[in-house]
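Single-structure report; data block below.
The values are calculated or read from the model by the stated rules, or taken from the named source; none is laboratory data. From a predicted model like this one, the values you see are computed outputs, not experimental measurements. Cβ atoms come from the backbone with ideal geometry, glycine included; neighbour counts cover every protein chain shown. The protein model used for the area step is the full one, side chains on, heavy atoms only, and it has no ligands, DNA or RNA in it. Shrake-Rupley method; radii C 1.70, N 1.55, O 1.52, S 1.80 Å.
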Amino acid sequence: MLTTASSTAGDVLALRIPTVLRTALGTHWEFTVDGPRIEIQHPHRGTPYRPPRRPPSWKGLLHSLQTAFADTGAPRDDCLPLRWGRDTELTISAVQALDPLLKDGRPQTYRQGFLPQPVVRFTGERDASGDLCDGFLTSFVNVSRVQPIERLDEYGNILDGWLSVLSQLGFHARHMSARGTLTPWRRREVAGITLHFRHLGLDLGDIVLLWNADDPTCMAVDLGTGLERLAWARTQQHWPALVYGRFAEMAPPATLDAVRTATLLLGHGINPAPRGAGGVTRRVIGTIDPDVAHLGVSAIVREAFNYWSHCGVLRVPWPTIAGLIEEELRR
């Protein structure tokens, strides 16, 4: 629950958001506000969508994102370390770059601007068999713009800038929509209002207005999606083929997901251990199908290593990572 002071501040922000977004996005959008619910759609949303004939490489997609975000005033910043240690053992979102501002009320951040942040989460949706549903991974690149703001109109401009970024990637505004509730939420020291954006009905990510619950002048915006989900929406490829490429039919998806995640963890020097961050690595490797691993994991590791290297330098070479995974599997 929000305290009275923070609730009042949140209510004031919520009342202003529709006007702020209308001003930022212009007259080419339809706004529906029903109590606390808001929905934003393009009037020509029924037009057909044509995916690109030649999907860009991961490197090419990241370069296009970096250029497009820089054009909207959000240059790329260095990624956060994967080992976190405050609230979570590992980095689970680029928004953690805003912790000093939002949690401590200090006028500083660890990072700001565009972050292609590798993260590890165990919260992905699963089917009745316990397998991850299409669109979800244990590890992925959290494409984010994390930005301290002083005025609410900056929030609207960031959403408008995101539409410009998507346009440069080949998306069209008519296929995008946003919806959410203007009722503020609170989690410990932080309060916020979340709007989810979609492409042709596929959940793509969200834009969150955030503030320190005790000092609402400490405001920021976290706009985020997943690099893999962004490519999925753009290309409309089969999910396993998009993410795992030539290995998609060679091993169970759970094993491919685990090797991919273990490569990221071990590449950052987070070795298997009984507890802590190393306990996460041990848990992940433990889900690899041992029958598949009997033939070795080096080829899959090398592919995953190349992927994660687009976001930053891994400290451990891929042959060492493959050896560590195989050694752990023999335990």
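Tell me the relative contact order for region 1-148 as a rounded percent, counting alpha carbon contacts under 8 Å between residues six or more apart. List each step's numbers first, then the result.
Values: 163 pairs, mean separation 23.1, N = 148.
After rounding, I find 16 percent.
So what is the diffusion coefficient of region 148-236 in µm² per second by Stokes-Einstein at 20 °C and 1.002 mPa s, using a Kirkwood Rh over Cα pairs? Walk me through the intermediate numbers first.
Working: Rh = 13.9 Å.
The Stokes-Einstein estimate is 154 µm²/s.
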Q. Running Debye on region 239-304 with equal point scatterers at the Cα sites and no solvent, what base-10 log of I(q)/I(0) appears at q = 0.21 Å⁻¹?
A. -0.83
Q. Given the convex hull of the Cα atoms of region 149-301, what is a quarter of its surface area in nm²?
A. 12.3 nm²
**Q.** For the chain, the longest site-free run once GluC sites (Glu not before Pro) in DSSP loop states with at most 12 other Cβ atoms within 10 Å are removed
**A.** 1-124
Q.
How much accessible area per residue does the chain have, counting only protein heavy atoms and a probe of 1.4 Å, in square angstrom?
A. 47 Å²
Q) Amide H to amide H, which residues 5 or more places from Leu90 or on other chains are under 5 Å from it, using H placed in the peptide plane? A) Trp84, Gly85
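Between Thr320 and Leu15, what FRET efficiency comes out of the Förster formula 1/(1 + (r/R0)^6) with R0 = 56 Å and r the beta carbon distance, rounded to 0.05?
Details: r = 56 Å, r/R0 = 0.99.
So, using R0 = 56 Å, E works out to roughly 0.50.
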Q: Calculate, in nm to one decimal, what His238 and Arg188 gain on full extension: separation in residues at 0.36 nm each, minus their alpha carbon distance.
A: 14.1 nm
**Q.** Residues Met250 and Arg330, FRET efficiency given R0 of 30 Å [Cβ-Cβ distance, rounded to 0.05]
**A.** 0.90
(Q) Can you report the principal axis dimensions of region 78-234 using only the alpha carbons, biggest first, rounded to whole angstrom? (A) 41, 36, 31
**Q.** Translational diffusion coefficient (Stokes-Einstein; Kirkwood radius from C-alpha pairs) of the chain at 4 °C, 1.567 mPa s, in µm²/s
**A.** 62 µm²/s
Q.
If you roll a 1.4 angstrom probe over the protein chains with everything in place, what fraction of the accessible area of the chain belongs to carbon and sulfur, to the nearest %?
A. 50 percent
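Find the relative contact order for region 194-236 and round it to a whole percent, using C-alpha pairs within less than 8 Å whose residues are 6+ positions apart.
Details: 54 pairs, mean separation 13.8, N = 43.
Computed over region 194-236, the figure is 32 percent.
Could I get the Rg over Rh figure for region 1-135? Both from C-alpha atoms, Rh via Kirkwood, rounded to two places.
On the way: Rg = 19.6 Å, Rh = 19.4 Å.
Computed over Cα atoms, the ratio is 1.01.
If a/c stays under 1.5 just call it rounded; otherwise compare a/b with b/c (prolate if a/b is bigger, oblate if not). Do that for region 73-115, with a ≥ b ≥ c from the square roots of the Cα gyration tensor eigenvalues.
Working: a/c = 2.61, a/b = 1.17, b/c = 2.23.
Oblate, because a/c is 1.5 or more while a/b does not exceed b/c.
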Q: Please report the relative contact order for the chain, taking Cα pairs under 8 Å with a sequence separation of at least 6, and give it as a percent rounded to a whole number.
A: 18 percent
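Assuming 0.36 nm per residue, please report the length gained on full extension of the stretch Arg283 to Arg83 beyond their Cα-Cα distance.
Values: separation 200, 0.36 × 200 = 72.00 nm, distance 1.56 nm.
Separation in residues times 0.36 nm, less the Cα-Cα distance, equals 70.4 nm.
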